[in-house]
Amino acid sequence: MNRANDVAREYWFELLIAVMAFAGMLELVIGRDAPGAPSTSLWVTVPAIAVLVTPLFFRRRFPFAGPAAYWLIAPVLTYMDPLLIPFVGSLGLVGMASAFLLGNLRDEKQAGIGLTIVLGSILIVVAGIPGSQTASQLVFIPLRFVVSWVAGYALRERSEQAEAAEMRAAIAEHQREAAEMRAILAEREREAAARIAVAEERARIARELHDIVAHAMSVMVLQVGAVRHKLPRGLEEDREALGRVEQAGRTALAEMRRLLGAMRNDGDDVELGPQPGLDALDSLVEDVGQAGLHVRLRRDGEPFSLPRAIDLSAYRIVQEGLTNALKHAHANQAEVTVRYRPDELELEVYDDGEGPATTDGLGHGLIGIRERVTIYGGAMSAGAAPDGGFVLSARLPVDRSQR
């Protein structure tokens, strides 16, 4: 049943033509003795109708030749028997369908030729009817087939407009999907860049902290060794215990050096000098000034000694802020403010430029600053200043007992 329905939906036009042809043949058989019936034998007229409609069954493969052949065969049958086509009423419907197909052709030239064939053939058929022909018959009978052709032409125009609209919609949808895909890829790239920046900043902080921790452990090992050597001879157990502490410290130092080597990239230079702190800001401001950015340095509050890790991180934050202002924000001047609070250190870097990039291409920038501040439990903000320019602020908590 489903198969039959599919065939009927696919070939409904061919089935309609077959029904019309069969109805025409039946009309010839039943009305062979009626007034106005063709005088030619049924053995000729019935096959003639089959020959007339057969080209329409090939209209899918020959969209122009099939319907045109119908109208080219019609005058031939008229010369054979002028009453054949006028007598069979169903052939009028088939002729209108053929004219519709010719008007519905995509090729403008073929459609125009089809209209010419329809007009020429129908005039021959009408003129061949025996008896006197009135002007109205010569006009209104062909007009029905011209209207069918015009209907096919109009439907073709509408179909082309609908297809063009569908094509534009498909292109727009494709562009939208492409834009969404590009946005997704860009977001993934930003996320990947952020993860890389965080990882690199953590590695950088770890390398910096190595020097701080290693220095402290070296001092501890040296002091333990000094105490061990000064113990009296009667305290051998204490001497051995201090020796084990000293050995454990040296082992820990060796392990830290191996860890640092694993964390260092091949292109990283080994820093032989001491790590800088806020006491090196004057030198940093001087270097940035020589590079073309005028910097004003202000200190609020009574300076106090900071834990070495906080001191180093504060310097790195100011350094990164000035680097962004110099390289990316196209600033002319900047102001650095260091505020010493009882339990925290506040840093502010203001510049009159366009605002820094989120990364300098090496995985640092604002992402790295935020990660460094977060590690020490602080807070950071960055954005446009009320009066123009860009301001970077950071707060680092300070436990003075750890100094």
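Using a Förster distance of 56 Å, how high is the FRET efficiency between Phe13 and Leu185, based on the Cβ-Cβ distance and rounded to 0.05? That gives a FRET efficiency of 0.70.
Pairwise Cα distances in segment 89-177 exceed 20 Å for 48 percent of all pairs.
Whole-Hz Karplus values for segment 86-100 come out as x, 6, 8, x, 5, 5, x, 5, 5, x, 5, 5, 5, 5, 4 Hz, taken residue by residue from phi with 6.51 cos²θ - 1.76 cosθ + 1.60 and θ = phi - 60°; glycine and proline positions read x.
A straight chain from Val44 to Val150 at 0.36 nm per residue would run longer than the Cα-Cα distance by 34.8 nm.
Please calculate how many Å² of accessible area segment 55-166 carries per residue, with a 1.4 Å probe and no DNA, RNA or ligand atoms counted. In whole numbers, segment 55-166 has 51 Å² accessible per residue. With q set to 0.08, 0.09, 0.12, 0.13 Å⁻¹, the log10 of I(q)/I(0) for segment 1-148, from the Debye formula over equal scatterers at the Cα positions, is -0.23, -0.29, -0.51, -0.59. As a fraction of the 1.4 Å probe accessible area of segment 51-132, surface on carbon and sulfur atoms comes out at 71 percent.
The values are calculated or read from the model by the stated rules, or taken from the named source; none is laboratory data. From a predicted model like this one, the values you see are computed outputs, not experimental measurements. Neighbour counts are summed over all protein chains in view; Cβ atoms, including those assigned to glycine, are modelled from backbone coordinates with ideal geometry. Keep in mind that these areas ignore ligands, DNA and RNA; they rest on the heavy atoms of the full protein, side chains included. Shrake-Rupley method; radii C 1.70, N 1.55, O 1.52, S 1.80 Å.
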